[in-house]
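Heads up: the structure comes next, in structure tokens.
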Amino acid sequence: MANIVLFGPPGAGKGTQANNLVNEFNLFKVSVGDLLRDKIKKKSQLGAKIKSIIDQGLFVKDNIINDLIESILSNKGYFNRLIFDGYPRNFNQARHLDILIKKYNQKISCVFSLKVDQDVIIKRIIGRQVCSRCGLIFNEFFNPSTKENHHCDIRFLQKRSDDNEKIARNRFERYTEETLPVLDYYQNQNLLYEIDGTSHIHEINKEIRRIIHSLET
Ligand SMILES: [Zn+2]
């Protein structure tokens, strides 16, 4: 067992899977978003710089992210026990991660990619309804509110505004564009496992665990 990389488009439930694996295999989750927020909280010079980049709506440069990743990989407490969630995001980051992995004598044991069609993701996002009275969450496509599962009046069901569809589509397309070369890169190293991300959360988790265990023997 060594480090794991997890990919999935926004809305694919990647965060949930990562958290489950953290608990099941005693891993440490590496999320760039968390690392950046941590830095900002610490009020260092770098933290202030990162804050100003994010406040301007700009992307944090690869070199800053790579340094943050190195600070984790160089920590012996996490040796070969990392799960990368949403990193590497592009080909250059993947190349750099390999350099760091080598430098600190570690390995990537497998790379998982949750596959979910764009239409399913969009429906998950735009079909989401929250009952303002009881707080239950429904989805008008996948899990609609009915007389059996919900007792409030349907006028309490609230949806987010329509422009979310456009934002969701853009995010999905950007993910696909950036991630495909990275997935190819791992495919060429025989590290990539594609998982059906439309299955039930528990089924996905079972499949991922099965693969991890199969690598250990
Ligand atoms: Zn309700």
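The values are calculated or read from the model by the stated rules, or taken from the named source; none is laboratory data. Just so it is clear, the structure is predicted and the values come from calculations on it, not from any experiment. A quick note on method: Cβ atoms are made from the backbone with ideal geometry, for glycine too, and the neighbour counts reach across all protein chains shown. Calculation scope for accessible area: heavy atoms of the full protein, side chains included, ligands and nucleic acids excluded. Shrake-Rupley method; radii C 1.70, N 1.55, O 1.52, S 1.80 Å.
For the stretch 1-121, give the magnitude of the charge dipole about the Cα centre (Cβ charges: +1 Lys/Arg, -1 Asp/Glu; no others), in debye to the nearest 20. Could you put the intermediate results ahead of the total?
Values: 18 positive and 11 negative charges, 101 e Å.
Here the size comes out at about 480 debye.
Using only Cα atoms, locate the centre of the stretch 98-141 and the centre of the stretch 1-79, then give the distance between them in Å, rounded to an integer.
If we compute the Cα centre of each part, the gap is 16 Å.
Along the positive direction of the dipole of the stretch 21-85 (beta-carbon charges: Lys, Arg +1; Asp, Glu -1; about the Cα centre), which of SER74, LEU46, PHE59 reaches farthest?
About the Cα centre, the residue reaching furthest to the positive side is LEU46.
Whole-Hz Karplus ³J(HN,Hα) for the stretch 110-126, in order, using 6.51 cos²θ - 1.76 cosθ + 1.60 and θ = phi - 60°, x for Gly and Pro?
Residue by residue, the stretch 110-126 yields 6, 10, 9, 10, 7, 9, 9, 5, 4, 4, 5, 4, 4, 5, 4, 7, 7 Hz.
Going through the cross-link list LYS39/LYS115; LYS14/LYS39; LYS29/LYS103; LYS14/LYS166, which pairs have a Cα-Cα distance over 25 Å in this structure? Please list the in-between numbers first.
On the way: LYS39/LYS115 32 Å; LYS14/LYS39 23 Å; LYS29/LYS103 20 Å; LYS14/LYS166 21 Å.
Violating the 25 Å limit, Cα to Cα: LYS39/LYS115.
Can you list residues whose amide H is under 5 Å from PHE112's amide H, if they're 5+ apart or on another chain and H is modeled 1.01 Å from N?
VAL5, LEU6, PHE7, TYR193
So for the chain: antiparallel DSSP bridges make up what percent, rounded to the nearest 5? Working shown, then result.
Details: 7 of 24 bridges.
Looking only at bridges with both residues in the chain, the antiparallel portion is about 30 percent.
Over the alpha-carbon set of the chain, work out the extent along each principal axis and list the three values in angstrom, largest first.
Largest first, the chain extends 60, 47, 30 Å along its Cα principal axes.
Choose one of THR146, LEU114, SER132: the residue whose Cα lies farthest towards the positive end of the charge dipole of the stretch 114-217 (beta-carbon charges +1 Lys, Arg; -1 Asp, Glu; about the Cα centre).
So the residue we want is SER132.
Quick check: pseudo-label points 7 Å beyond the Cα along Cα→Cβ at ILE53 and ARG155, how many nm apart are they?
For ILE53 paired with ARG155, the spin-label model returns 5.0 nm.
Just how much of HIS96 is accessible, in Å², when a 1.4 Å probe is used and the result is rounded to the nearest 10?
60
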